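Computed from the coordinates by the stated procedures, all read-outs in this text should not be read as laboratory data. If you're wondering where the values come from, they're calculated on a predicted model, not measured in any experiment. Cβ: placed from backbone, ideal geometry, glycine included. Neighbour counts: every protein chain shown.
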Amino acid sequence: MPKMLLLVLFLIPMCIAGQDMRCPAVHGISPHQSPSDYARFQALLSFKLKENHNIRPRTINYFPVVIHVVAREGDIPVTEAQVLNQLDVMNADFAGRGQNIPKLLPEFLSIAGQADMQFCLAKTDPEGNPTSGITYTETDIDNIALQTGPEGRIAIHYDQLGGKTGWDPSRYINIWIGAYGDILGSASFPGSAPFPEETGIVIDPKYFGSIGEAGNSGNFGRGHTLTHEMGHYFGLKHIWGEGLEINCEDSDDIPDTPNAAGPYYGCPEGEQITCETSDMYQNFMDFSDDRCLAAFTNDQVAFMQTAQEVYYPDLPVDGSCAPTTDTFESWFHNLSWSHDAASDTYIIYSDEVFNATRDISVFSADGRLAYQGEWSFGQSYLVNLKNLAAGVYFLRIDQDEQYFVRSIVIY
Ligand SMILES: [Zn+2]
């Protein structure tokens, strides 16, 4: 029997999740992997935790990501709209303005962090050629993200094992999208991938973003799994510490996160106490459902920034994809429009990020206002069409005194 088949299922991925949980077995940044990096990391972290990190200049760092979609023929496609929707959810989460922030328990308002870290699709590939930042690979292998080959190499990370070989991990954050059985996602910790080419994140397409196949994924269908895995990628442990034992002994090594005995599932309400203080089950590094997850803390943000500077220092330097700005008019004319039938949503997306609030209105052919919303963040906007009858509508985008209109058809 080929060695590859024998090794299948014998290796336990770093991040396993059953029906209703994210990754139980994670170990953080290892001091043994690279002792000199670890010493530097500890020194820089302790400096950052002591300084008031809100005072330093908040230049946003944009990190290039490349999305490798590895799918079987006939799988529901992961579209560019779904990719941008997922990046918007994660970027909002990192910026401290995610969709659940208004639900954050009052005792955590003062520690909710705003990271100066944002993520954008790579605009140049490792050879310097223009790219969409998304690669598509067809595979013959079922549950490709679970399969292993020689030396325990995980198949999805290699062309020759039926997956897709990633791009230089010192310059890009590689995110693989592939069927993962019951697992939602996994990530390598800084400096910990058993082979450097496995550095990155793997997510099952069912939990990637909030539209497309993910739009029907219930408790984990709002795109916060990638936020959680990106936390691991930058070294964060689960908020209660390691393993799944329920006790107050271990910790996540983050000073401002309250000590909790173990993970939360579902979405509790109100104050929950296990280790004498209110537990932050709304933290992205807990196991709660997507509708519950709201924030990182200030010290988690400092930790991730430190990990980036020490372990991924070249990320923002090369392959940069920092967004450009343009006039409202050219921005409007460069928008892409698509309809996501699975979630009955119209998606508008842009190559650019803007710092303005734009009002979105949809009018029926007889001039009746059918939908109203605000687009104030991110590169994609979702218009919920669930309550609209079929017909022709006019979508209007306003900024200040200027507006543009486009017709859309709902079937
Ligand atoms: Zn996890």
- In nm, to one decimal, how far is the ALA342 label point from the ASP140 one, both placed 7 Å along Cα→Cβ? 2.6
- Output the relative contact order of region 257-411, whole-number percent, from Cα pairs under 8 angstrom with separation of 6+ residues. 14
- Over region 328-410: Rg over Rh, Cα atoms, Kirkwood Rh: 0.94
- Item | Among ALA389, ALA294, ALA302, residue whose mean-square fluctuation peaks in a GNM of the chain (springs only between Cα atoms under 10 Å) | ALA389
- Rounded to the nearest Å, the spacing of the alpha-carbon centers of region 137-168 and region 264-306 is 33
- Given the rule -39500 (n - 2.57) for each run of at least 4 DSSP H residues, summed and divided by the residues of the chain, what is its mean residue ellipticity at 222 nm, to the nearest 500 deg cm²/dmol? -5000 deg cm²/dmol
- Task: Report the dimensions of the chain along its three principal axes from the alpha-carbon atoms, largest first, rounded to Å.
- Result: 66, 55, 39
- Message: Using Cα-Cα distances under 8 Å and only pairs 6 or more residues apart, what relative contact order does region 328-410 have, in percent?
- Response: 27
- Please report the relative contact order for the chain, taking Cα pairs under 8 Å with a sequence separation of at least 6, and give it as a percent rounded to a whole number. 18
- Computed Rg/Rh for region 166-224 (Cα atoms; Rh = Kirkwood radius) stands at 1.03
- Query: What is region 86-176 by shape, rounded, prolate or oblate, if you read a ≥ b ≥ c off the alpha carbon gyration tensor as root eigenvalues and call it rounded for a/c under 1.5, prolate for a/b larger than b/c, and oblate otherwise?
  - Reply: prolate
